[in-house]
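Down below is the structure, laid out as structure tokens.
Derivation of every value follows stated rules applied to the coordinates shown; laboratory data play no part. Values in this document were obtained by computation on a predicted structure and should not be read as measured data. Note: ideal-geometry Cβ built from the backbone for every residue, glycine included; neighbour counts use all protein chains shown.
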Amino acid sequence: MRSLEWLRRWARLLDSQFVIPGTRIRFGLDPLLSLIPGLGDLASPAFTLVLLVHGVHRRVPRVVLVRMIANALIDAFIGAVPIAGNVGDIFFRANLKNLALLERHAHPGAPPTRGDYVFVFVLAGIFGLLILVPLLLALWLALRFWYWLAAR
């Protein structure tokens, strides 16, 4: 398929096109582009969107599409850390991971694995806790403040 080859070339260019001399560490344009404010923040999400459109077109299961989105979000969180995020982009290759998911699960392809479901549910649980813990803490502080005011 011509479109899959095009996607492979772009994923490789963004994540693993180059080698650090004297090592086996590969990197792509993604960490380099992230040095340019604005542009680097758009390259990987734009490619993820292209992968997702291909995934929907090829009838990839929804749980796998959610996993692809989660990989992109993890990549964005890693990339948001100044300097260390650029280094993290070298080692967390979301574009290649998402391309592999697309190729493995494109219709007719392999059904979602238990690992796909576990990954999505664990990530949903973590995000739920990240929302729930501050909410409960705020509620607890509000109640403590209310009792303090009532005691006066």
Report the local net charge at H105: Lys and Arg +1, Asp and Glu -1, summed over other residues whose C-beta lies under 11 Å from its C-beta. +3
Decide, for region 40-90, between rounded, prolate and oblate: order the square roots of the alpha carbon gyration tensor eigenvalues as a ≥ b ≥ c, take rounded if a/c falls under 1.5, and otherwise choose prolate if a/b is larger than b/c, else oblate. prolate
Top mean-square fluctuation among A106, A80, A94, Gaussian network model of the chain, C-alpha springs under 10 Å? A80
Give me the compactness ratio for region 107-152, meaning the Cα radius of gyration over 2.2 N^0.38 Å. 2.14
Select from L13, A76, A94 the residue farthest towards the positive end of the dipole of the chain; place +1 on Cβ of Lys and Arg, -1 on Cβ of Asp and Glu, and compute about the Cα centre. A94
About its Cα centre, how strong a charge dipole does the chain have in debye, to the nearest 20, once Lys and Arg get +1 and Asp and Glu get -1 at the Cβ? 360 debye
Roughly what percent of Cα-Cα pairs across region 6-91 reach past 18 Å? 45 percent
Can you tell me the orientation of helix 2-15 relative to the chain, as the angle in degrees between its alpha-carbon axis and the longest Cα principal axis, to the nearest 10? 60 degrees
Pick from P45, P37, P112 the residue whose mean-square fluctuation is largest in a GNM of the chain, springs joining Cα atoms under 10 Å. P37
Relative contact order (%) - criterion: Cα under 8 Å, at least six apart; region: the chain: 22 percent
Along its three principal axes, how long is the chain when you only count alpha carbons? Whole Å, largest extent first please. 73, 39, 26
Estimated 222 nm signal from helices in the chain, with DSSP H stretches of n ≥ 4 weighted -39500 (n - 2.57), rounded to 500: -24500 deg cm²/dmol
